[in-house]
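Following: one structure in structure tokens, then a few remarks.
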């Protein structure tokens, strides 16, 4: 405690001393601190105001002439006598100047006003409106041109201006502090990010070359500024996430599910399964029916148990016993300041989270970032960041209860009426397991309510990222820079399955052998099982660059050129040991090259080797690049960039290894022309660009690769297979983009924004190509043979609706997007290859990459409820014809694109004195999706039910009120396939959702005069608030996959203090 008090006193003492000669810059009329204002003291080095508008003058006693200026505001010229108490300076906005926004491309920082490309900047203020442990998830609700596809991937795919590829990587390139970030994005602490710049077109992104085709997101970390006074920022926020709504899962109710099982049992459907040697798992109700048949339970007992099952819902059981509210805690403290020759910034962050199932994960971030001015011309930047993550799973969830067939029965229970754990069939029939000799096999049942307590499962990762850069100012306009980055990331997973765990009991019993004399042989010893994996990443990058920045008369030149090298090596290994003792660190060696009989099925198999694998991947890139920006009279702008990339994974001959990419752009600030006389629109700028960027799939190679496998059952030797065949012509995908835009601002910037039109043509895309199968053991190979075209419109509009004490601002981002396949080889055009849910690409020339296609629907047969379609123009119920080889894609109905063609977000911010409130909405329009429905084949064979079963046709006349076919036995798989992929089920995906609401309050400065705080901000936030409107009336959230647990509402409280 004494140490803590001492540390606090030191911090408060530093803060108190810093009040001397400390000044602040604010804007009028809202008195918002201005970060980045230029402080020019006659005869001294220029200074810059810090994040809270503060700066210090550490000069000898005397009077100094000071000029304070900031783009978009009227400059002030004043005198300051030192020493001085804290003073505040207020800048008035200029009526005819557009506020300058800095753009960081990862290679240089330039004013957005002088840019010809398409950029989106997200300020620190916008980022802080949301509270989450990661940074990327905050973009969709605030950025222009950003959308997240959550249907084709349960994790969500973030895209910049839609697709630029068919089968290659879709994710944008992430840049952190000048270099591509190759570690886990979850390592990045949002509290350490100052701003984000999104590069959308070729002029903006082509400088990043072969990895920029999907757009580039540049993250800029916080740094101390020259002349900035000591500042200490403390952030803390606490979040509560509601229990998940399991009732969005499309589960058939227990009574209906049992009704189907009763029907199937009566028809002998389960007979072969019951009598099979394998003794496969049976559902609890089928086990109950079997017990009744065998006379093991009387009618009254059967009905009592069946009645209990009918009233049970596993979702309610799980919500009551296993699921709870998730808790997230996030803390950080950062200190920054500036001395005579050094600017420094340190940060410590700690996140501690508990999931809705009780799983734990934590993250520790430590960072130091510094700039040292060695001489007047030589400057050194150096930083080090360390991240440590730890995690452990919690209780079982809805998807963890699935049987071997992958089904969670609706009437499962975790505890009986007396509170005892209930067993669930995992691999074998419970009634059979209970007949085994308990002395030999013990209890072979699986108890999901508490089995996790027998295991010790954890994962951990560490990441160390270091950066060093030198900048030498050769001439006032010429500088030379060198950058080096190194990263070491290690991910580890360790799973110890206890002796009493189902995992161990099942493995031991499965391979137990009983001799004719009753002697028991344990092939797998009774003891713990250890699985352990480790994946390490070693990455390094080097860049050497020359910058030329000069302004004379009416000319401005910004040029750079350089080369860079990057390398990343990923290695992984894993193993499993049996008979393990964590206490003694011992294990029992096993013979993995011998097959053993399964006690129940008598089939021969190898022992499971677990995560036994060795991997090693090495990727290298070498690049040459140059960029030129020229401006004349602050009205005429020109830009050009060139980059040439080479990699160890593409090209056999030297001339095939290099990929040249380039762009050109131009801009015209019309509002500054003498002939321009539109007083209500003082700022008007026209800009355009054209160029190429690339896309690379690091999993592909131009050389033949061989992958090691498991042990051969025939030779007991290792197996190897071809991973990829020789493909010397394989190269980068290439994306050409044309962008034309208008930027504008009305008087006083009450309305400002931009309108952009773009056209993308992606060529040399990865696609299937025929190959001579006498040359290689395949009929096709991936080559650069496909192409797509995409067109779109981006509109960004910012309005100041009211000014004064009560201020209301609005941000609107509106995007149109449409893509079309221009070239792609199809091995088959059979219709069944194209019908689907819109989650898998359907690259058909003339249509979007992701489209929704359907069989033609002709309604239900009024006599029997069979689904009907059209075959060659005639109504038919012949499903072999309706779904057969004669039905091509031309016979299908094209419903529309699966990706939204119109999307964006809308935000309104209201502020009054210290209060502020922001609400942001996102919208997606113009797309279609196909939800799942009942499939009788899956219901019978795999127990996959759906509530649409209750809407099925049951009698003549039902066809007038339902489109769900009648139940038939035996099920006809082609009948189900036709109905499930017919056009009648397709719905519009249009939706509007409330992304988040943020309410903040900043304490008045006069309240803090007697405290060591410069500012205190309080914030409350609610996010994941769900859809507020959908075009479909079924209550389905079209943004997510069927049978996916939707994100829960997220409520947060936070405090941010600056000392």
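Since every read-out is calculated from the coordinates, none of them should be taken as a lab result. As the structure is a prediction and not an experimental result, all values here were calculated from the model. With ideal geometry, Cβ positions are generated from the backbone for all residues, glycine too; neighbour counts draw on all protein chains shown.
Some observations on this one:
- q = 0.23, 0.24, 0.28 Å⁻¹, the range 21-91: log10 I(q)/I(0) [Debye, one scatterer per Cα]: -1.01, -1.10, -1.47
- Protection-proxy order for peptides 293-305, 189-201, 461-473, each taking the mean of Cβ atoms within 10 Å per residue, highest first: 189-201, 461-473, 293-305
- Rounded to the nearest 500, the helix-only mean residue ellipticity at 222 nm of the chain stands at -2500 deg cm²/dmol, with each DSSP H run of n ≥ 4 adding -39,500 (n - 2.57).
- Gain on full extension, evaluated as 0.36 nm per residue between residue 234 and residue 997 minus their Cα-Cα distance, stands at 272.4 nm.
- Measuring r between the beta carbons of residue 316 and residue 826 and using R0 = 45 Å, the FRET efficiency lands at 0.40.
- Against the chain, whose longest principal axis is taken from its Cα atoms, helix 299-310 shows a tilt of about 20°.
- Normalised contact order of the chain, rounded percent, pairs of Cα under 8 Å and 6 or more residues apart: 10
- Over the range 21-91, relative contact order from alpha-carbon pairs under 8 Å, at least 6 apart, %: 39
- Between the range 563-594 and the range 599-663, the alpha-carbon center distance in angstrom: 28
- When 580, 1040 are sorted by how many other C-beta atoms sit within 10 angstrom of their C-beta, beginning with the fewest, the order is 1040, 580.
- Against the chain, whose longest principal axis comes from its Cα atoms, helix 284-293 is set at around 10 degrees.
- Computed over the range 685-755, relative contact order equals 39 percent, with contacts defined as Cα pairs under 8 Å that lie 6+ residues apart.
- Folded to 0 to 90 degrees: helix 254-266 orientation relative to the chain principal axis, Cα: 30
- If you take the Cα centroid of the range 455-532 and the Cα centroid of the range 160-201, the two points sit 26 Å apart.
- Here each label is just a point 7 Å from Cα along the line to Cβ, and for residue 738 and residue 548 those points are 3.2 nm apart.
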